[in-house]
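Working notes, beginning with the structure itself.
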Amino acid sequence: MYKYEHETVVDENIERTFSWFEHEGSFRRLMPPWEVTTEIKADKTIHKGAIRIFKFPFGPMKMKWIAKHTIYDPPNQFKDVMLKGPFKKWEHEHNFKSKGNSTIITDSVKYQVPLGSLGYFFAGSSIKKRIKRMFYSRELRLIRDLKHHSQFNLKKRKKILIAGSSGMIGTQLCAFFDTGGHDVWRLVRREIDPESNEIFWDPENKIINAEKIEGFDAIIHLGGAGIGDKRWTKKRKKLIQDSRKLSTLLLSETISKLKQKPEVFLVASAIGIYGNRGDEELNEKSSPGSGFLTETTLNWESYTEIAKNSGIRVINIRTGIVLSATGGALKRMLLPWKIGAGGSIGGGKQWMSWISLDDHIYAINHLIMNEKCKGAFNLTSPNPVRQKVFSKTLGKVLRRPAFAPIPKFPMKILFGELATPLLFEGQKVIPEKILNSGFSFTHESLESALRDCLGRW
């Protein structure tokens, strides 16, 4: 069998570090951010005998991985072995050791590839490289997560309800809060899983059980029909507006009447509220722009007034372009850039106000846990870039040329009305309020953010 060992040092005591791994959300946080992994089944803890089943990309195929925990010795060690998957054998030991106020985690992996030495001859180098990338990614995220949790160790854990928990942001947000020891619940529109922390609602028909949402400390609403998912037709534009109106009003009205109101109500919004402003530098005090997106986001934020007037701390997060290899704008851009067909769009002078997915998660945590934070907050990096700079930087990270300009005409045919606000217009947005509140960004430069989410260090 072949061996791989990776050592990580975190500035946290051994009990809190081991506890982070014990939570169900640790699996989601540790998976490489560039891989679309689907969890099929998972026990909620890592006790001896616990099973986890997931699917992940393996070349052009999707492979099923079934893992079983065989050792559980808190806070010193746990071990899992692969029962079924791409390897002939896989054994992974996690060992924890105190060193002053820090903890050393040693990941020891023993593995055997199919076809023995012949399989290793053809694929051994690429497999080892993939394993190395994965564990470096795990190290970075573990260090960052524990750092952000530690900032609020002295505050009590919260009971948090999240709507939009299955999306790109919601999935990681639930996992992050879970690893921090918070009691995380999901507000879902499908049939609930009786073994999970789920509450059913149906905004279109104004169905929600108020009694079941009594006593939550924080309620987070990330839902709404995707703005850039499909061409804008009259029907689609109505769905975009109605999905936000019906869901936000229902939550706002319901929680305003509760006996035990939440301390904070955080609702997604977007920097589209500022409209197309050219080179103007925008902060939270800037006036709204004009157009469909401005109208949509202005109304969206107004639907929280009922909750605000009832004494609840309301936060509207005006989100920019969230960078993730598994969803959103970046995922759509990857294929043409990987084949060398990327480049500036419509001249490339428009501003792109971006934020890494992890910074978005950490920012929400910061806002929820700080009682003084309220009102509108721009969630974007302090360093927006022009679209042509974004293209060149992405090409550099992928080691691909990015000099194929994309004119407006074919984009307008492909996207219709959506093309103008999505591709040709932009905003130079600065996150002034959250910076003034003491939040520090992990990724202030675009290149570092792209390298991190694509695993191209």
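Structural remarks
- Among residues of segment 410-421 that are of a type outside the set (Lys, Arg), those with a Cβ under 7 angstrom from a residue that is crowded, with 16+ Cβ neighbours inside 10 Å and at pLDDT below 80, sequence gap 6+ or separate chain, pair up as Ala419/Met411.
- Among the residues of segment 136-145, the ones that are more than 12 Å from Asn365 (Cβ to Cβ), open to solvent by less than 40 Å² (accessible area, probe 1.4 Å) and touching a Gly at 6+ places or on another chain (Cβ under 9 Å) come to 1 in all.
Yes/no matrix, rows are residues, columns are (1) on the phi > 0 side of the Ramachandran plot; (2) open to solvent by 20 Å² or more (accessible area, probe 1.4 Å); (3) out of contact with any strand residue (DSSP E or B) (no Cβ under 9 Å at 6 or more places or on another chain):
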{"site": "Asp358", "(1), (2), (3)": "no, no, yes"}
{"site": "Ile361", "(1), (2), (3)": "no, no, yes"}
{"site": "His366", "(1), (2), (3)": "no, no, yes"}
{"site": "Ser381", "(1), (2), (3)": "no, no, no"}
{"site": "Lys392", "(1), (2), (3)": "no, yes, yes"}
{"site": "Lys412", "(1), (2), (3)": "no, yes, yes"}
{"site": "Leu418", "(1), (2), (3)": "no, no, yes"}
{"site": "Asn436", "(1), (2), (3)": "no, yes, yes"}
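- Ala210 meets all of the listed conditions (1) open to solvent by less than 30 Å² (accessible area, probe 1.4 Å); (2) among the hydrophobic types (A, V, I, L, M, F, W, C); (3) farther than 17 Å from Gly164 by Cα; (4) out of contact with any Asp or Glu (no Cβ under 6 Å at 6 or more places or on another chain) but one, namely (1).
- Restricting segment 234-277 to residues that are under 30 Å from Met411 (Cβ atoms) and in contact (Cβ under 8 Å) with a residue 60 or more places away in the chain, the residue that is most open to solvent (accessible area, probe 1.4 Å): Asn276
- Segment 149-170: number of residues that are within 14 Å of the chain's Cα centre (by Cα) and surrounded by fewer than 16 Cβ atoms within 10 Å (Cβ to Cβ): 1
- Residue match in segment 41-52 (condition: in contact with a helix residue (DSSP H, G or I) (Cβ under 7 Å, 6 or more places away or on another chain) and free of Cβ contacts under 8 Å to residues at least 24 places away in the same chain): yes
- Among the residues listed as Lys64, Lys79, Lys99, the single one being basic (Lys, Arg) and crowded, with 17+ Cβ neighbours inside 10 Å: Lys79
The values are calculated or read from the model by the stated rules, or taken from the named source; none is laboratory data. The model shown is predicted, which means the values in this text are computed figures rather than measured ones. Here Cβ is always computed from backbone atoms with ideal geometry, including for glycine, and neighbour counts include all displayed protein chains. To get the accessible areas, we keep the full protein, side chains included, count just its heavy atoms, and leave off ligands, DNA and RNA. Shrake-Rupley method; radii C 1.70, N 1.55, O 1.52, S 1.80 Å.
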